[in-house]
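S.K.: Input: one structure, supplied below.
The values are calculated or read from the model by the stated rules, or taken from the named source; none is laboratory data. These numbers come from a predicted model, not from an experiment. We place every Cβ from the backbone using ideal geometry, glycine too, and count neighbours over all the protein chains shown.
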Ligand code: 4AD
Ligand code: MG
């Protein structure tokens, strides 16, 4: 039986207990007859003291031969030691090299590009390990929220003929001689479910052939999309702020130790509570000094969110700069929509709207957008039989992770980032 390191660090073992650890060498140093091997497992790191004469000679030699990231098993007794990381040390009685392996290629001060080339190995770093754990909890709290609110989780197709967010970011596929695309959004499929299950969500990859090199854009990202019958744009925004704040609260209540790795204080995240700020597009445009009809870029997003402790909804964009499916004011001028901008310039984390639910209006909007209606016949059917007003939104999981953990770059919010110049490893 092997003990998770966390078990010891949390004080669940008593001094003098015999413990077996199984993990990988985080770092090691030796002087004379004593080797300190810091061992890492999925739960934490712990220093092991391997002493000549205490362990068999072959075990002592094995400790000297271990590389960083060699796989090891260590047996011994635990002892409190304030100088050791985490305050505990294992005094080894046996040390076994399961796999010595080769010298680990990642050493200190490597370039960003090198670390991305070796991403499959860099994932073992303390930083990325913490991010992946936090991401696990964030995804869990997102799902938990919807589950508690009575939403059904569904799975959309990834290969589609119906683009959703404009032609310029579509990844085209040769589908046995026919044109198809990697999905940009599962929204249109989500809309098919609202007449059977009423309140639904999906968590699936979306793809965008984004040519922009920013710290917020991936070409493949995880998209959490919600859709609900009978919801208007106000209901939609309320649901979004409850969702986002429930995740922040979950992290504070259950993962405070993890948050410390990111310099996030509990009060930073507790401030993220409803109601979020709301600002109409027209007012935001004025504040930013851009032309009516222009979209916000990075500098404008920073201006609109600087100094805020929680996100702001920018509502009622000009309909002409938003997709065909967004419901509008009666005069057709403004969309009934909201983009949710995170504080500190982390950018848009959610895009949502009320949907055009009447057949004639939808057809007119699609024609105006230059869409080929035959690829959307099925979607138009949804407006032919029992259509009702409804709303929905899409949240970029990596954007949310980046913001909540205050990461520099979105690529660190996902294990194997896909960006314009990288689809390897
Ligand atoms: O604003 P977007 O394009 O909206 C939609 O796709 C809607 N169909 C969603 C819906 O209503 N069901 O994308 C939604 C969110 C953005 O707010 C952003 O968080 C994220 O998806 N996103 C990206 N994340 C990472 N990399 C990219 N290239 C992204 N593009 C959008
Ligand atoms: Mg958007």
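S.K.: Among the numbered criteria (1) within 30 Å of residue 45 (Cα to Cα); (2) without any contact (Cβ under 8 Å) to a residue 40 or more places away in the chain; (3) surrounded by 15 or more Cβ atoms within 10 Å (Cβ to Cβ), which one does residue 95 miss?
M.R.: Status for residue 95: all satisfied but (2).
Here is a yes/no grid of residues against (1) over 16 Å from the mean Cα position of the chain (by Cα); (2) outside any strand (DSSP E or B); (3) more than 16 Å from residue 190 (Cβ to Cβ); (4) at pLDDT 95 or above:
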{"position": "221", "(1), (2), (3), (4)": "no, no, yes, yes"}
{"position": "224", "(1), (2), (3), (4)": "no, no, no, yes"}
{"position": "231", "(1), (2), (3), (4)": "yes, yes, no, yes"}
{"position": "239", "(1), (2), (3), (4)": "yes, yes, no, yes"}
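S.K.: Output the residues belonging to region 197-214 that are in a loop (DSSP other than H, G, I, E, B) and either modelled with pLDDT of 95 or more or within 16 Å of ligand 2 (Cβ to nearest atom) (or both).
M.R.: Answer for region 197-214, where residues must be in a loop (DSSP other than H, G, I, E, B) and either modelled with pLDDT of 95 or more or within 16 Å of ligand 2 (Cβ to nearest atom) (or both): 197, 198, 208, 209, 210, 212, 214.
S.K.: Suppose we filter region 129-185 for residues that are over 30 Å from residue 256 (Cα atoms), without any contact (Cβ under 8 Å) to a residue 40 or more places away in the chain, surrounded by fewer than 18 Cβ atoms within 10 Å (Cβ to Cβ) and under 21 Å from the mean Cα position of the chain (by Cα); how many remain?
M.R.: So the answer is 1.
S.K.: Going through region 248-263 one residue at a time, which ones are part of a loop (DSSP other than H, G, I, E, B) and modelled with pLDDT of 95 or more?
M.R.: Residues satisfying the conditions are 255, 261, 262.
S.K.: Are there any pairs, at least 6 apart or on different chains, whose C-beta atoms fall under 6 Å, with the first in region 241-254 and surrounded by fewer than 21 Cβ atoms within 10 Å (Cβ to Cβ) and the second part of a helix (DSSP H, G or I), and if so, which?
M.R.: The qualifying pairs are 246/145; 250/141; 252/266; 252/269; 252/270.
S.K.: Please state which one of 370, 345, 332 is touching a residue at least 12 places away in the same chain (Cβ under 8 Å), within 30 Å of residue 195 (Cα to Cα) and not in a helix (DSSP H, G or I).
M.R.: 332
S.K.: If I ask for residues that are surrounded by fewer than 19 Cβ atoms within 10 Å (Cβ to Cβ) and either more than 17 Å from residue 26 (Cβ to Cβ) or touching a helix residue (DSSP H, G or I) at 6+ places or on another chain (Cβ under 7 Å) (or both), which ones from region 57-74 would you list?
M.R.: 57, 58, 61
S.K.: Let me ask another. I'm told residue 187 meets every condition in (1) within 16 Å of ligand 2 (Cβ to nearest atom); (2) closer than 22 Å to residue 404 by Cα; (3) modelled with pLDDT of 95 or more except one. Can you identify the failing condition by its number?
M.R.: With respect to (1) within 16 Å of ligand 2 (Cβ to nearest atom); (2) closer than 22 Å to residue 404 by Cα; (3) modelled with pLDDT of 95 or more, residue 187 is out only on (2).
S.K.: Among 251, 258, 197, which is the only one that is more than 30 Å from residue 422 (Cα to Cα) and in contact with a helix residue (DSSP H, G or I) (Cβ under 7 Å, 6 or more places away or on another chain)?
M.R.: So the residue among 251, 258, 197 that is more than 30 Å from residue 422 (Cα to Cα) and in contact with a helix residue (DSSP H, G or I) (Cβ under 7 Å, 6 or more places away or on another chain) is 251.
S.K.: Here are the criteria: (1) surrounded by 15 or more Cβ atoms within 10 Å (Cβ to Cβ); (2) within 25 Å of residue 407 (Cα to Cα); (3) without any contact (Cβ under 8 Å) to a residue 12 or more places away in the chain. Tell me which single one residue 285 does not satisfy.
M.R.: (2)
S.K.: Then there is this: In region 312-324, which residues are assigned to a loop (DSSP other than H, G, I, E, B) and out of contact with any helix residue (DSSP H, G or I) (no Cβ under 7 Å at 6 or more places or on another chain)?
M.R.: Within region 312-324, 322, 323 meet the criteria.
S.K.: For region 3-55, name all the residues that are surrounded by 13 or more Cβ atoms within 10 Å (Cβ to Cβ) and not in a strand (DSSP E or B).
M.R.: Selection gives 3, 4, 5, 6, 7, 8, 9, 10, 13, 17, 43, 54.
S.K.: Just the residues that are more than 15 Å from ligand 2 (Cβ to nearest atom), buried (at least 19 other Cβ atoms within 10 Å of the Cβ) and assigned to a helix (DSSP H, G or I), please, taken from region 377-402.
M.R.: If the condition is that a residue be more than 15 Å from ligand 2 (Cβ to nearest atom), buried (at least 19 other Cβ atoms within 10 Å of the Cβ) and assigned to a helix (DSSP H, G or I), then 379, 401, 402 are the ones that fit.
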